[in-house]
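The values are calculated or read from the model by the stated rules, or taken from the named source; none is laboratory data. Since this is a predicted model, take the numbers as computed values, not measurements. When we count neighbours, we look across all protein chains shown, and the Cβ atoms used for this are built from the backbone with ideal geometry, even at glycine. Just the protein is used for accessible areas: all its heavy atoms, side chains included, with ligands, DNA and RNA removed. Shrake-Rupley method; radii C 1.70, N 1.55, O 1.52, S 1.80 Å.
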Amino acid sequence: MRALLIVDVQHDFTEGGSLGVEGGQQVAAEIRTVLDDYALTVASQDWHIDPGAHFSDLPDFVTSWPRHCVVGTDGPHLQEPLTEDLFTTVVRKGEYSAAYSAYEGRTADGTLLGDWLRAHDVTQVDVCGIATDHCVRATALDAVAQGFTTRLLQDLVRGVAPGPSQAALVELQAAGVELV
Ligand code: VGL
């Protein structure tokens, strides 16, 4: 089985959000058009309560960030037209520490993403979402590390910074991710 992993397409990561990425709203609409091609779809959400040094008033935008995706605000909600009910399941990550990879995320019943995928006979994953140079990168690297045949949907990702996003694609390809 193949699953589509939609990484962190949330209000705070799209235009107008506290860490808004250019093209985020557009990629949400584009991802919506491919959901029906997959029998299994998983959306991840950055889901912060008190993630410690992941938040900073003087962020370096590498390891520390402005406050984002804080539970109880609008920030962690999925960017329309994506809504939670469209996905087979949703995984949330980062409650009390930084968590870039969707593989750190858990379903509502506490199942880690990798375990959920294996329980659904998934051996192949297609990865898309935000941000190419952070959470998409970490998710695709973990997918390969956990033995999933992994493709990155290049038209369906958006990055924070162009240079690091391009470098991430090169790194992912070297790690065994197929760029399609
Ligand atoms: C992300 C920076 C901080 C992401 C999450 O979803 O790529 N980036 N937290």
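For the residues 126, 121, 133, 142, the requirement of being in contact (Cβ under 8 Å) with a residue 24 or more places away in the chain and on the phi > 0 side of the Ramachandran plot singles out 121. Screening residue 177 on (1) away from the ligand (no atom under 12 Å from the Cβ); (2) open to solvent by less than 20 Å² (accessible area, probe 1.4 Å); (3) under 17 Å from residue 31 (Cβ atoms) shows it passes everything except condition (3).
Among the residues of region 1-60, write down those that are among the β-branched types (Val, Ile, Thr) and touching a helix residue (DSSP H, G or I) at 6+ places or on another chain (Cβ under 7 Å). Once the filter is applied, which keeps residues that are among the β-branched types (Val, Ile, Thr) and touching a helix residue (DSSP H, G or I) at 6+ places or on another chain (Cβ under 7 Å), region 1-60 yields 6, 7, 9, 14, 21, 41, 42. Against the condition at pLDDT below 95 and either out of contact with any Leu (no Cβ under 7 Å at 6 or more places or on another chain) or under 18 Å from residue 132 (Cβ atoms) (or both), how does residue 63 come out, does it pass? Taking the combined requirement at face value, the residue satisfies it. Name the pairs: first residue in region 44-63 and on the phi < 0 side of the Ramachandran plot, second residue of a type in the set (D, E, K, R) and open to solvent by 30 Å² or more (accessible area, probe 1.4 Å), Cβ to Cβ under 7 Å, at least 6 apart or on different chains? That search, which allows pairs on different chains as well, returns 45/92; 47/92; 47/95; 48/95; 49/95; 55/67.
Given the criteria surrounded by fewer than 20 Cβ atoms within 10 Å (Cβ to Cβ), away from the ligand (no atom under 11 Å from the Cβ), in contact (Cβ under 8 Å) with a residue 24 or more places away in the chain and not small (Gly, Ala, Ser), does residue 15 qualify? So residue 15 does not fit the description; no. Of everything in region 101-149 that is over 21 Å from residue 168 (Cβ atoms), surrounded by fewer than 19 Cβ atoms within 10 Å (Cβ to Cβ) and hydrophobic (A, V, I, L, M, F, W, C), the residue that is farthest from the ligand (Cβ to nearest atom) is 119.
Scanning region 61-98 for residues that are open to solvent by 60 Å² or more (accessible area, probe 1.4 Å), within 11 Å of the ligand (Cβ to nearest atom) and not β-branched (Val, Ile, Thr) yields 61, 67.
Kindly indicate whether residue 42 is under 14 Å from the mean Cα position of the chain (by Cα), closer than 20 Å to residue 121 by Cα and not in a helix (DSSP H, G or I). If you could, list the steps in order and put the result at the bottom.
Details: under 14 Å from the mean Cα position of the chain (by Cα): yes; closer than 20 Å to residue 121 by Cα: yes; not in a helix (DSSP H, G or I): yes.
Answer is yes for this residue.
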